[in-house]
Amino acid sequence: MLETLVIAAYVFADVEMIPRPGPPGKITDAELVALAVAQAAMGIPSDRQFLGLVGKVLPGCFPHLPEQSQYNRRLRRLAPILARVQLRVSELIASGDLRIADGTLIGVANYAGCASCSEFAGSASYDYCPSKSQFVWGVRLVLVTDAHGLPVGYMLVAASEKEYEPVGELATAHAGCTLIADKGLWGRQYAETLAL
């Protein structure tokens, strides 16, 4: 099962790859993404421990492994591609025709001076978080999962935006599935919009 997952991740990553300058390494970017998917599937948070187990768990699949520092540095650069590959792999293994959607506020800055220097400065905003009884400067994560909680789609929007549009966009990617959402995403008009 793990080998199949790694092969699927490699194929998806190879399609997504953007050529990079410099000499080719002993291990390609697509192989690094496949390694990261295997690490997530195995649930091993330590890069050092994971790289030590690869030869035993996936013998012969990766003849050249990077050192831990090189693995970490290159994966940080590949984070956007890795996120897209993980979503494509999760769509393959998602079960059933039931999808669950919800959104939550995520604070990304704790004080006013930090907000202007943050990488989220163009996309984050203020909104009130009733569960914390405070205003939060951040983003809203809108997530769609299968019945077992496997994420099959997500979107980050400004905290002040509601979840209507993102859930609508994510629902179109899963046409034919039954979508369950909280009480904020109901009503005849919204149901007609989703049906369109």
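The values are calculated or read from the model by the stated rules, or taken from the named source; none is laboratory data. Note that the structure is a prediction, hence the values are computed from the model and not measured. Cβ placement follows ideal geometry from the backbone for every residue including glycine, while neighbour counts extend to all protein chains displayed. These area figures cover heavy atoms from the full protein model, side chains too; ligands, DNA and RNA do not enter into them. Shrake-Rupley method; radii C 1.70, N 1.55, O 1.52, S 1.80 Å.
Might you check whether a residue that is closer than 20 Å to Ala173 by Cβ, among the aliphatic types (A, V, I, L, M) and surrounded by 12 or more Cβ atoms within 10 Å (Cβ to Cβ) occurs anywhere in the stretch 101-124? Checked against the condition, which is being closer than 20 Å to Ala173 by Cβ, among the aliphatic types (A, V, I, L, M) and surrounded by 12 or more Cβ atoms within 10 Å (Cβ to Cβ), the stretch 101-124 yields at least one hit. Filtering Pro80, Pro66 for residues that are free of Cβ contacts under 8 Å to residues at least 12 places away in the same chain, out of contact with any Asp or Glu (no Cβ under 8 Å at 6 or more places or on another chain), open to solvent by less than 90 Å² (accessible area, probe 1.4 Å) and not hydrophobic (A, V, I, L, M, F, W, C) leaves a single hit, Pro80. Here is the figure for the stretch 119-147: residues that are hydroxyl-bearing (Ser, Thr, Tyr) and not in a strand (DSSP E or B) total 3.
Residues that are part of a helix (DSSP H, G or I) and within 18 Å of Gln68 (Cα to Cα) within the stretch 14-39 comprise Asp29, Ala30, Glu31, Leu32, Val33, Ala34, Leu35, Ala36, Val37, Ala38, Gln39, listed in sequence order.
Would you say Gly60 is on the phi > 0 side of the Ramachandran plot, more than 20 Å from the chain's Cα centre (by Cα) and open to solvent by 30 Å² or more (accessible area, probe 1.4 Å)? Walk me through it before giving the result.
Working: on the phi > 0 side of the Ramachandran plot: yes; more than 20 Å from the chain's Cα centre (by Cα): yes; open to solvent by 30 Å² or more (accessible area, probe 1.4 Å): yes.
Answer is yes for this residue.
Restricting Ala41, Ala34 to residues that are surrounded by 18 or more Cβ atoms within 10 Å (Cβ to Cβ) and not polar (S, T, N, Q) narrows the list to Ala34. Inside the stretch 48-104, residues that are in contact with a Leu (Cβ under 8 Å, 6 or more places away or on another chain), outside any loop (DSSP other than H, G, I, E, B) and closer than 17 Å to Asp14 by Cβ make up a count of 4.
Selection of the stretch 148-185 for residues being at pLDDT 80 or above, of a type outside the set (Ser, Thr, Tyr) and assigned to a loop (DSSP other than H, G, I, E, B) yields His148, Gly149, Leu150, Ala159, Glu161.
Of everything listed in (1) modelled with pLDDT under 85; (2) closer than 28 Å to Val139 by Cα; (3) among the basic types (Lys, Arg), the single unmet condition for Arg20 is (2). Pairing residues of the stretch 139-166 that are more than 17 Å from Ser118 (Cβ to Cβ) with residues that are part of a helix (DSSP H, G or I) and among the charged types (D, E, K, R), at Cβ distances under 6 Å and at least 6 apart in sequence or on separate chains, gives Val152/Glu91.
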